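Report on one structure; see the data block that follows.
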Amino acid sequence: MTPESYPQPENLRRGIAVSGVVQGVGFRPFVYKLALEEALSGFIGNDTDGVTIEIEGAVGRVETFLARLCTEAPPLARIDTILVREMPLAGDTAFRIVASEVLGRVATGIPADAATCADCLRELLDPGDRRWRYPFLNCTNCGPRFTITRRIPYDRPQTSMAVFPMCAACQREYDDPMNRRFHAQPNACWDCGPRVWLVAANGSPIAAAEPVQETIDRLLAGEVMAIKGIGGFHLSVDATNEAAVTRLRQRKRRYGKPLAVMVRELDAAREFCNLSEEEAALLQTAARPIVLARAHPGAAIAPSVAPGIPWLGIFLPYAPLQHLLFADSRVKALVMTSANLTEEPIAIDNDEAFQRLGAIADAFLMHDREILQRCDDSVAAQVDGAPQLIRRARGFVPLAVRLPMDAPPMLSVGGHLKNVFALARGPFAYQSQHLGDLENPASLDFFEESLGHLMRTFEIEPGIVVHDMHPGYMSTAWAKEWAAARGLPRIEVQHHHAHVAGCMAEHSVHGPAIGLSLDGTGYGVDGHVWGGEVLIARLDGFERFAHLEYVAMPGSAAAIREPWRMALAHLAAAGIDVEAPDVQSLLGAKQADARLLLRMIERGVNAPLTSSCGRLFDAAAALVLGRRVVDYEAQAAIELEGIAIDQPDGEQEAGYEIELREGDWNAREATRMSSAPLWRELLSDLRGGVSSARIAARFHAGVAVGFVRAAVLARKGTRIGQVALSGGCMHNRRLARLLRAQLEAAGFTVFQQAKVSPGDGGLSYGQAVVAAAMLSGATPSRDPHA
């Protein structure tokens, strides 16, 4: 038998529906090339569900195509589902890319903004390329996405690039399926795209043949520059110039909080920081987050960039304009911080920037590509060997996070600080970008602006509103008003239950699980301020097994801003004489002030009770470091962690004691965790001249041991062997590491968060999880104090 007479393979046709992030990431040209390589006919097109593919050809070729579709997808693509169905043969003779089709509600995702790819960077720096030094080059593998998109499908008319008609050369690239700029919606060049220019703080143009080079010269001369980027303006200064950094802090009114530093490349980052391989990899992801890494003690960074802590928030350029700033070898490191006054949203509009930043910046590097969504830089860290999101924003938003069950259309509004809301429908939650603290009307406007954008984009009309129990949260008040105006039902979710449920859901754990929820502030079902909690949690409900013993917060919110107040309250609760001269000296308090706080505590006047782990850390920092007043949230705790950074983890054996005052779990009486012995031992060490670093390490060790012992006690009463760690205190590397290691040594399976923040930035996801679980027919939460 000759080869020509072999039986020919049978042809077949398959319809393929792919959902996920498959628009704006080069998925169609990838499929086109794949079909050509496998000699298949058919077509591919975008729709509101993702992409629709039909292929026809030999059986083996079709099977190979389907296998490669998953394993070779473009780097920015994320496939959630692939549905394949049989179809009759159509007899196509070629494979085509067809126009987008808009039918029904949106179910696909918008891609996140992605850092400049290696190919584009080579073109940017190549004098022979037609896009040499063009600040807005991009392709299907990189560039802005979320921040320039109005709605799905992700096509150029739906973006802020619609006002820039492509020149003939760009159009040819855009139309060529074999070109990496095929249907790259932001595609542009010097002849047809956005431009940059310089403007003085008073609004007058600055004549400059090379605006970027003039910006570099001004930065090196010590000026504060406002630079328009991908998701908003940055305020920038030379990070090696102490006078310039100090001037920026004064003008921005950001006196202590660390500033992020951008450097040219990974090798430059290593000059300033001691990077692990994992941190180096995190820096180079397409999201290009700010990564918190250990700074070299002798690094040539201005001292006031990150005062009082051993870490530096460092990141790499992610936009062509930023790469151009570092093309000048004189530029070593730049502070790149959100362009706003403290607690305000980041500026995005040119006119808005003049109004809000005119008193801060010496000059503005503008461009005319409209930013449709404010989006700060994301912040991440390697915590206990795994990446952890501290701030989920550019590069991650609006990528969906899977829910453990289907949810009806709902809105969960998150918390008060580090606010992030979430829209949920079906198996996914779509978290907003980091919105900041809801402390003023501008922040609430940002919240509503972002909500409207995501509701339009994903065509989700919430039928249920989910919010925190705290009656004083602006997010709670807003949710009640918004729901009432629309006649929508509301679901209240307890703060710490939301934290634990979010961690459980990320790992597909429905419960029950022991949840350690450790943070600064959360409203409890008994009306007190919780924050040091051991919960027996399911997704739909919880019981409170143990908690730090209640201590007063004299002055309420003032006790958060002034940690010495919490130190006094904790010492007084431990039976220690806070009017003793040496104790008053440690507190840094006048006798009259101390007596006033004691009277407030005794009479219960403006002194709410709290079980907060965050306030426990504040109190320790006040005594050990003399931190009387904080400039930003968690400053005291961060500095306390920092001073212990070089202490060995073996200190847990010498940790200060937290006493468990065991409750009767059969009667659902919660165990109380008393820190009284901890304070007596810590005070003894202070009086004995033990180093601050060792005291800080012993404190961390004692807290970890106390909660591990509480988890072991919970297992004894419930036979539950899995623990979920959540809450803002899980940002503390040392505490998270000690907890995980000791829990695993005690035989527990331990879960930690990575896809959303364990802090309040992840709260809305947890709220959506709890609400979806409750609506699926489970029981409500229960607390022994309720």
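The values are calculated or read from the model by the stated rules, or taken from the named source; none is laboratory data. All values reported here derive from a predicted model rather than from experimental measurement. Ideal geometry is used to build each Cβ from the backbone, glycine not excepted, and the neighbour counts take in all protein chains shown. The accessibility values were calculated without ligands, DNA or RNA, using every heavy atom of the protein model including side chains. Shrake-Rupley method; radii C 1.70, N 1.55, O 1.52, S 1.80 Å.
About its Cα centre, the chain has a charge dipole of approximately 700 debye under the convention of +1 per Lys or Arg Cβ and -1 per Asp or Glu Cβ, with nothing else charged. Using the average count of surrounding beta-carbon atoms within 10 Å as a protection proxy, the listed peptides 444-456, 526-538 rank, highest first, as 526-538, 444-456. Based on C-alpha pairs under 8 angstrom that are at least 6 apart in sequence, the chain has a relative contact order of 11 percent. Accessible surface for the chain, divided over its residues, is 37 Å² per residue with a 1.4 Å probe. Here the chain exposes an accessible surface that is 51 percent carbon and sulfur, computed with a 1.4 Å probe and the other protein chains kept in place.
Taking Cβ atoms as reference points and 12 Å as the exclusive limit, the residues near Ala280 contribute a net charge of -4, counting Lys and Arg as +1 and Asp and Glu as -1.
Database note for the chain: Cys without another Cys beta carbon under 4.7 angstrom, Cys70, Cys120, Cys139, Cys170, Cys189, Cys273, Cys375, Cys503, Cys613, Cys729. In this structure, the residue pairs whose Cα-Cα separation is over 22 Å, taken from Lys257/Lys418; Lys228/Lys332; Lys228/Lys755, are Lys228/Lys755.
Ranking Ser684, Pro88, Trp197 by Cα position along the charge dipole of the chain, where only Lys, Arg, Asp and Glu carry charges on their C-beta atoms, puts Ser684 farthest toward the positive end.
If R0 is 22 Å, the Cβ-Cβ spacing of Asp368 and Ala209 corresponds to a FRET efficiency of close to 0.75. Computed per residue of the chain from DSSP H runs no shorter than four, each worth -39500 (n - 2.57), the mean residue ellipticity at 222 nm is -9500 deg cm²/dmol. Ordering Ala35, Pro258, Ser508 by Cα displacement along the dipole of the chain toward the positive end leaves Pro258 in first place; charges were set at the Cβ atoms of Lys, Arg (+1) and Asp, Glu (-1). Working ranking of peptides 305-313, 658-666 by packing, defined as the average number of other Cβ atoms within 10 Å per residue, highest first, is 305-313, 658-666. In the list [x] 95, 65, 57; [y] 86, 60, 57; [z] 87, 79, 46, the label attached to Cα extents along the principal axes in Å as derived from the coordinates here is [x]. Rounded to the nearest 20 debye, the dipole magnitude of region 2-100 is 240 debye, with +1 charges on Lys and Arg beta carbons, -1 on Asp and Glu beta carbons, and the Cα centre as origin.
The slack between Glu343 and Glu461, meaning 0.36 nm per residue of separation minus the straight C-alpha distance, is 39.5 nm.
Can you compute the charge dipole magnitude of region 119-162 about its Cα centre, using +1 on each Lys and Arg Cβ and -1 on each Asp and Glu Cβ, nothing else charged? Give it in debye, rounded to the nearest 20. Can you show the working numbers first?
Details: 8 positive and 5 negative charges, 47 e Å.
For this selection, approximately 220 debye.
Pairs of alpha-carbon atoms within less than 8 angstrom and 6+ residues apart define the contacts here; what relative contact order does region 220-355 have, in percent? Over region 220-355, the number comes to 36 percent. Applying 1/(1 + (r/R0)^6) with r as the Cβ-Cβ distance of Ala754 and Ile645 and R0 = 30 angstrom yields a FRET efficiency of 0.85.
Summary of packing: across the peptides 229-236, 762-769, 463-470, the per-residue average of other C-beta atoms within 10 Å ranks them, highest first, as 762-769, 229-236, 463-470.
Here Glu439 and Arg599 are evaluated by their C-beta separation; at R0 = 41 Å the FRET efficiency comes out at 0.85.
Separation of region 281-298 from region 211-272 is 17 Å, based on Cα centroids.
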